[in-house]
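Trainee: Below you'll find the structure I mean.
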Amino acid sequence: MMDPTPLSFRTVFDWLTADSRTYGKLLEGENKWKPVPCSGDWFSKHSKFIDWAVSEESCILGIYGPPNCGKTSLATRVSDFCKGKLSKDATIVTFFFITTPPKVAETEAGNIIRYLLSKVAFPEHGTAYSESVTAEYDRKCDQLVTIGEGHDTTTERVPSERPTWEECIDMLVGISKERPMVFALDGLNECAEQTRKIVMEALESLSKRSDKPVKIMVFSQPEDDIVSISHFVFRIRSTDYESL
């Protein structure tokens, strides 16, 4: 990890999040869902979750069920469920897809992947960032801009374009050399089919190429294209929340 100056941190962070910061804050849902303490503990004790968590390989766990069966409540407690079962240095990112506003179906898949990368690349809230990200940032710098006002201006070379989702995956592969990662995506079925296809293709590529394990959890209604990519499948009934 590198210790950034305030200027370099801001410019690198904005490169990833300029178009998705408000979107990301909205979808994080940190204050939207407040499950009752200890709710969902049964899930963390289930054999399929444990098999997924203790596996030394990168893998995808799909949690599927109809609307209102408790998937989002489980997603809010991913960090709690993973404690004691995964490496202490693992970075855990939970992402909630919602329909309004804005509509996820209208959101570019690359915007979602860039947001996930930004949450992993800056795990210490501005005090450090990943070398693989800054290396790609430096490589793509191709235009000069003036920053600041009056006598406090400075000229800096910055990228003219934000990274593609493929480049984001390359950076995440680099980060996987430093630490394991966990991504939990809730409500993936809310995406347009093409959007979720790219998102899952990107994360599946990451899981195959990563150095240290990358664990992925998908909470969704059971769409065939989503279920097909899971290594472990966990189905929930709407009546009793138990695995089928």
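Trainee: Filter the stretch 202-215 down to residues that are outside any loop (DSSP other than H, G, I, E, B) and closer than 14 Å to VAL173 by Cβ, then give me how many there are.
Mentor: Residues meeting the conditions: 9.
Trainee: Then there's this: Only one residue in ARG209, ARG179, ARG157 is among the basic types (Lys, Arg), modelled with pLDDT under 75 and farther than 30 Å from ILE236 by Cα, so which one is that?
Mentor: Residue meeting the stated conditions: ARG157.
Trainee: So, in the stretch 40-88, how many residues would count as being polar (S, T, N, Q), in contact (Cβ under 8 Å) with a residue 60 or more places away in the chain and in a helix (DSSP H, G or I)?
Mentor: 1
Trainee: Separate question: List pairs: first residue in the stretch 218-229 and in contact (Cβ under 8 Å) with a residue 40 or more places away in the chain, second residue assigned to a helix (DSSP H, G or I) and of a type in the set (Gly, Ala, Ser) anywhere in the structure, Cβ distance under 6 angstrom, at least six positions apart or on different chains.
Mentor: Short answer, once both residue conditions are applied: PHE219/ALA75.
Trainee: Got a number for residues in the stretch 72-95 being touching a strand residue (DSSP E or B) at 6+ places or on another chain (Cβ under 9 Å) and within 17 Å of GLU57 (Cα to Cα)?
Mentor: 5
Trainee: Give me the pairs: first residue in the stretch 166-191 and part of a loop (DSSP other than H, G, I, E, B), second residue crowded, with 18+ Cβ neighbours inside 10 Å and of a type in the set (Lys, Arg), beta-carbon distance under 9 Å, and six or more apart or on different chains, which are they?
Mentor: From residues that are part of a loop (DSSP other than H, G, I, E, B), the pairs are PRO180/LYS215; GLY187/LYS71.
Trainee: Name the pairs: first residue in the stretch 140-161 and exposed (fewer than 10 other Cβ atoms within 10 Å of the Cβ), second residue among the aromatic types (Phe, Trp, Tyr) and modelled with pLDDT under 70, Cβ to Cβ under 7 Å, at least 6 apart or on different chains?
Mentor: Every condition considered, no pair remains.
Trainee: Given LYS71, LYS25, LYS48, LYS34, which one is surrounded by 14 or more Cβ atoms within 10 Å (Cβ to Cβ) and either under 19 Å from VAL93 (Cα atoms) or modelled with pLDDT under 70 (or both)?
Mentor: Among LYS71, LYS25, LYS48, LYS34, only LYS71 is surrounded by 14 or more Cβ atoms within 10 Å (Cβ to Cβ) and either under 19 Å from VAL93 (Cα atoms) or modelled with pLDDT under 70 (or both).
The values are calculated or read from the model by the stated rules, or taken from the named source; none is laboratory data. Everything quoted here is computed from the prediction, not taken from an experiment. Neighbour counts are summed over all protein chains in view; Cβ atoms, including those assigned to glycine, are modelled from backbone coordinates with ideal geometry.
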